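Notes follow once the structure below has been shown.
The numbers here are math on the coordinates, done by the rules we state, and not lab data. Remember, predicted model here, so these are calculated numbers, not experimental data. Every residue, glycine as well, gets a Cβ built from its backbone with ideal geometry; the counts of neighbours run over all protein chains shown.
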Amino acid sequence: MVPSPPGVAALFIGFFTIGARGFGGVLPWAHRAIVEERKWLTATEFGEVLGLCQFLPGGNIMNVSIAVGARFRGAPGAVAAFLGLMAAPVAVVVALGAVYDQYAEHPVVRRAFAGLAAAASAFVLAASLKIAAPLRGRWLAIALTAVTFVATAVFRVPLQLAMPVLAVLSILVLWRFET
């Protein structure tokens, strides 16, 4: 049974929950909430929306919130999802910024932020593996993913150059050989 499309309030609450849970790494929480918990999108649909949103200017998760909100409720849904996503993190960042301003040089605070950076890296890696799961068995898509990784991570091709070139290349190659 396909769940009914979420309303504006549900979009706000859903993305508020994502923003509140995902401090330091929202993408894993967004995938879990949107795909696994609320079942608003399938894993494949989430990957497609994320792929589009990575190509657009702005923060990926912000773009995802706008795209998902607009998909279900148009402009009001996009606004509700975006505001829901941003409400908790903005409040937390303002509060933590004030505290950090006072204690930034304290060794305990420095070690805490180093630990947070390690945890955030693990969250990003875990989310990447979940998002790539629908590519299982699609060797050409996996090869294009590897080319993209090598271009940006190893050869340090600027993202502004890599994204348009590799996106068009991927679309053409997959359209030609997987249709």
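When 157, 64, 94 are sorted by how many other C-beta atoms sit within 10 angstrom of their C-beta, beginning with the fewest, the order is 94, 157, 64.
Among the helices of the chain, those built from whole DSSP H runs whose Cα atoms reach 30 Å or more along their own axis and whose mean Kyte-Doolittle hydropathy is at least 0.0 are 60-103, 107-132. Its DSSP H runs of at least 4 residues, each contributing -39,500 (n - 2.57), put the calculated 222 nm mean residue ellipticity of the chain at -25500 deg cm²/dmol, to the nearest 500.
Each listed q (0.12, 0.15, 0.17 Å⁻¹) maps to a log10 I(q)/I(0) for the chain, found by the Debye formula over equal Cα scatterers with no solvent: -0.68, -0.99, -1.18. Look at 48, 105 and count the other Cβ atoms within 10 Å of each Cβ; fewest to most, that gives 105, 48.
Give me the distance in nm between label points sitting 7 Å out from Cα along the Cα-to-Cβ direction at residue 171 and residue 132, one decimal. Taking the simple label geometry, residue 171 and residue 132 are separated by 2.3 nm.
By the count of neighbouring beta-carbon atoms within 10 Å, fewest first, 170, 121, 128 end up ordered 121, 128, 170.
Label residue 13 and residue 56 with points 7 Å out from Cα along Cα→Cβ: what is the distance between them in nm? Result: 2.5 nm between the two label points.
Evaluating kT/(6 pi eta Rh) at 20 °C and 1.002 mPa s, with the Kirkwood radius of the range 137-179 over Cα pairs in the Stokes-Einstein relation, gives 201 µm² s⁻¹.
Rounded to the nearest 20, the Cβ-based charge dipole of the chain about its Cα centre (Lys and Arg +1, Asp and Glu -1) stands at 240 debye.
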